[in-house]
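Only one structure is covered here, and it is reproduced in the block below.
The values are calculated or read from the model by the stated rules, or taken from the named source; none is laboratory data. Quantities reported herein were computed from a predicted structural model and do not represent experimental measurements. Heads up, the Cβs are rebuilt from the backbone with ideal geometry, glycines too, and the neighbour counts pull from every protein chain shown. Just so you know, the surface numbers come from the protein's heavy atoms only, side chains and all, with ligands and any DNA or RNA stripped out. Shrake-Rupley method; radii C 1.70, N 1.55, O 1.52, S 1.80 Å.
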Amino acid sequence: MSSPDPQVRAARNQSTNPATRGPVVAVTGAASGIGALLTERLAASEEIKQVIALDERRGECAAAQWHILDVRDPAIADKLRGADVVVHLALDLDLETDPAARTAYNVRGTQTVLTAAAAAGIHRVVLCTSAMVYGALPDNELPLSEDAELRATAEATGVGDLLEIERLARRAPRAHPGLNVTVVRPAVLVGGGTDTALTRYFESPRLLVVAGSRPAWQFCHVEDLCAALEYAVLEKVDGELAVGCDGWLEQEEIEELSGIRRMELPSAVALGAAARLHRIGLTPSPAGDLAYTMYPWVVSGSRLHDAGWRPQWSNEEVLAELLEEVAGRHTVAGRRLGRKDATAAGAAGATVALLGAAAVVRRARKARRRI
């Protein structure tokens with residue numbers, strides 16, 4: 001038997017005895033991406049009394065109560081009144097966004113939501129960062145526990161913002177007694193139009209492998225992330241939560257499953273070229289992004305597992321969906337190419353194009369010095 005339509009189920013929830021209804025949940029960033037998926041999921045849940053959706057534009061979930069505003073607006077406190085839980089998903093992690101503007105939005109938005117939630121009498125805020133905050137390091141355990149030290153640096157796209165959000169999460173309960181903050185840290189996120197430096201890695205005609213590195217790939221489907229967020233909303237689990245598929249894939253397995261051949265480079269060459277290309281604005285990804293394709297940052301997800309949550313997707317299944325999503329796209333060093341450029345890149349290989357661009361940079365510098 002098929003599940004009831006979300007609007008039908010929402011109407012049924014409204015007619016349920018108030019004493020048996022669940023929490024009122026506010027979701028920021030509810031109009032698109034993960035926020036839209038979670039809003040639909042919560043609106044269809046018989047365990048949720050009502051969903052308050054907040055974004056700068058109205059989304060498609062008709063069962064939610066919508067408020068249109070910027071999450072940095074202190075007026076958000078009034079819109080949150082009556083909610084029991086806030087899930088803050090209004091983050092900008094776009095590779096093309098100006099880094100300073102991105103940080104200003106992400107950090108100020110999180111600060112405002114935490115302060116507004118406390119002012120509105122809300123007892124729980126759920127934040128979503130990334131397992132990238134653990135850092136990708138050659139001596140990482142496989143897998144990492146939730147309590148592992150956060151050893152990432154701000155050298156990769158958006159990770160500095162995520163580390164600051166983690167700091168705000170730790171500080172908030174002390175600044176606002178009675179406020180509980182849960183942080184969810186997904187592995188490599190796939191699905192729902194997710195576009196990151198790590199998903200673009202699979203848009204290259206060759207997979208760049210840094211010599212001497214030990215990659216270990218763990219994915220997280222957006223559906224599994226939404227299920228984990230729902231667990232946090234319903235207080236089935238709290239604290240710092242890592243979420244991802246069970247286990248991981250070695251680089252050789254990635255290459256076999258994807259059918260994409262590798263191009264191996266010495267570390268100094270790969271990192272040096274990536275840094276130069278990013279510095280002059282040819283690519284959106286800083287050299288720090290490469291670390292997450294070099295070393296493991298696999299997480300155990302033990303707290304969610306202990307609470308009864310299980311991923312519905314395997315790493316192999318998520319990789320297959322990712323490859324389907326990126327089919328027809330062509331990326332070199334994190335930069336999407338047009339059709340003409342992509343043809344050349346495909347013939348030469350992604351790494352050849354990377355080094356070719358680096359050579360162009362060197363020639364341009366020499367020419368400037370001669371002037």
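Every residue in the stretch 216-246 that is farther than 13 Å from VAL188 by Cα and not charged (D, E, K, R), please.
Within the stretch 216-246, CYS226, ALA227, ALA228, LEU229, TYR231, ALA232, VAL233, LEU234, VAL237, GLY239, LEU241 qualify.
So, in the stretch 43-55, of the ones that are more than 12 Å from LEU89 (Cβ to Cβ), touching a Ser or Thr at 6+ places or on another chain (Cβ under 9 Å) and not basic (Lys, Arg), which residue ends up surrounded by the most Cβ atoms within 10 Å (Cβ to Cβ)?
So, considering only residues that are more than 12 Å from LEU89 (Cβ to Cβ), touching a Ser or Thr at 6+ places or on another chain (Cβ under 9 Å) and not basic (Lys, Arg), the one surrounded by the most Cβ atoms within 10 Å (Cβ to Cβ) is VAL51.
Look at the stretch 184-239 and say how many of its residues are closer than 13 Å to SER130 by Cα, hydrophobic (A, V, I, L, M, F, W, C) and in a strand (DSSP E or B).
6
In the stretch 207-219, which residues are over 15 Å from LEU322 (Cα atoms) and either in contact with a Cys (Cβ under 9 Å, 6 or more places away or on another chain) or of a type in the set (A, V, I, L, M) (or both)?
Passing the criteria: LEU208, VAL209, VAL210, ALA211, ALA216.
Find the residue count for the stretch 186-206, including only residues that are open to solvent by 10 Å² or more (accessible area, probe 1.4 Å) and in contact with a Cys (Cβ under 7 Å, 6 or more places away or on another chain).
Here the count works out to 1.
Do we find that GLY212 is in contact with an Asp or Glu (Cβ under 9 Å, 6 or more places away or on another chain), open to solvent by 10 Å² or more (accessible area, probe 1.4 Å) and on the phi > 0 side of the Ramachandran plot in this structure?
Judged against the criteria, GLY212 is not a match.
Those residues that are open to solvent by 30 Å² or more (accessible area, probe 1.4 Å) and touching a residue at least 12 places away in the same chain (Cβ under 8 Å), I need them from the stretch 103-131; list them, please.
Keep residues of the stretch 103-131 that are open to solvent by 30 Å² or more (accessible area, probe 1.4 Å), which gives 103-105, 108, 111, 115, 118-119, 121, 123.
Residues satisfying the conditions are THR103, TYR105, ARG108, GLN111, THR115, ALA118, ALA119, GLY121, HIS123.
Could you please let me know if LEU162 is in a helix (DSSP H, G or I) and buried (at least 22 other Cβ atoms within 10 Å of the Cβ)? Give the derivation first.
Numbers: in a helix (DSSP H, G or I): yes; buried (at least 22 other Cβ atoms within 10 Å of the Cβ): yes.
Yes, satisfied.
ALA156 is checked against (1) in a helix (DSSP H, G or I); (2) touching a residue at least 60 places away in the same chain (Cβ under 8 Å); (3) buried (at least 23 other Cβ atoms within 10 Å of the Cβ) and fails just one. What number does that condition carry?
So the condition that ALA156 fails would be (1).
Step by step: first the residues of the stretch 133-153, then only those that are open to solvent by 30 Å² or more (accessible area, probe 1.4 Å) and in contact (Cβ under 8 Å) with a residue 40 or more places away in the chain, then the one that is nearest to ASP84 (Cα to Cα). Which residue is that?
Narrowing the stretch 133-153 to residues open to solvent by 30 Å² or more (accessible area, probe 1.4 Å): 137-139, 141-143, 145, 147, 149-151, 153.
Then keep just the ones that are in contact (Cβ under 8 Å) with a residue 40 or more places away in the chain; that gives 137-138, 142-143, 145, 147, 153.
On the way: LEU137: 38, PRO138: 42, LEU142: 36, PRO143: 34, SER145: 29, ASP147: 27, THR153: 34 Å.
The residue in question is ASP147.
How many residues, within the stretch 21-42, are part of a helix (DSSP H, G or I) and either hydroxyl-bearing (Ser, Thr, Tyr) or surrounded by fewer than 24 Cβ atoms within 10 Å (Cβ to Cβ) (or both)?
6
Looking only at the stretch 65-102, which residues are without any contact (Cβ under 8 Å) to a residue 60 or more places away in the chain and within 13 Å of GLY158 (Cβ to Cβ)?
Scanning the stretch 65-102 gives ASP92, THR97, ASP98, PRO99, ALA100, ALA101, ARG102.
Collect the residues in the stretch 165-183 that are of a type in the set (A, V, I, L, M, F, W, C), over 19 Å from THR97 (Cα atoms) and open to solvent by less than 50 Å² (accessible area, probe 1.4 Å), keeping them in residue-number order.
LEU168, ALA169, ALA172, LEU179, VAL181, VAL183
Of a type outside the set (Gly, Ala, Ser) and loosely packed, with under 15 Cβ neighbours inside 10 Å: does that describe GLU230? So that I can check it myself, show each step before the final result.
Details: of a type outside the set (Gly, Ala, Ser): yes; loosely packed, with under 15 Cβ neighbours inside 10 Å: no.
For GLU230, the condition - of a type outside the set (Gly, Ala, Ser) and loosely packed, with under 15 Cβ neighbours inside 10 Å - is not met.
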